[in-house]
Amino acid sequence: MIHTFAHLIIKEMSLQSGYSSAAIRERIYSSPTMCGVLFYTGSSDKEGSLGGLVELGEISKLRKLLKMAIENALLYTTDPECAGSSIDSDNLNGCACHSCCMISETACENGNRLLDRSLIVPLDEKTEMSFFKDLVNELCSISL
């Protein structure tokens with residue numbers, strides 16, 4: 001879940017800040033008692049000097065970023081093909097494709113594996129798995 005969340009945020013950060021999604025990287029921290037994500041860029045070229053990335057961490061902008069990421073994951077236009085996918089021995093991703101969750105392989109520490117959008121937002125028959133199902137109504141004002 002946290003890995004998919006990181007990818008959705010990276011995609012939205014890319015749109016909001018002007019950085020390409022390949023320039024924004026993730027580092028996932030988790031244990032049985034906590035989890036977190038560090039977003040960073042190590043670029044020293046023009047991608048690293050555009051600005052705007054740090055400002056996205058301000059609470060007012062972070063709230064908007066989260067809202068847009070959740071809305072984009074929920075109102076994704078390539079469904080139902082993407083939403084019908086599930087993790088099995090042949091497919092290491094659930095509801096995930098290059099349009100909704102996958103980012104550049106060089107920016108992902110897990111190689112775009114074990115992603116599932118249904119763990120973040122409620123999708124048709126997978127509503128109970130969604131971590132942010134209550135937040136969809138509260139933050140995005142979308143009734144399910």
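Packing order of peptides 10-18, 115-123, highest average first: 115-123, 10-18 (average count of other Cβ atoms within 10 Å over each peptide's residues).
Ranked by the mean number of other Cβ atoms within 10 Å of their residues, highest first, the peptides 99-109, 24-34, 63-73 fall in the order 63-73, 99-109, 24-34. For Cys95, the residues whose modelled amide H falls within less than 5 Å of its own, excluding neighbours fewer than 5 places apart on the same chain, are Arg117, Ser118.
In this rough spin-label picture, where each label sits 7 Å from Cα along the Cβ direction, the His98-Ser20 distance is 1.4 nm.
Bear in mind that the values in this text are calculations on the coordinates, not laboratory data. Predicted model, so just to flag it, every value in this text is computed and none were measured. Neighbour counts run over all protein chains shown; Cβ positions are idealised from the backbone, glycine included.
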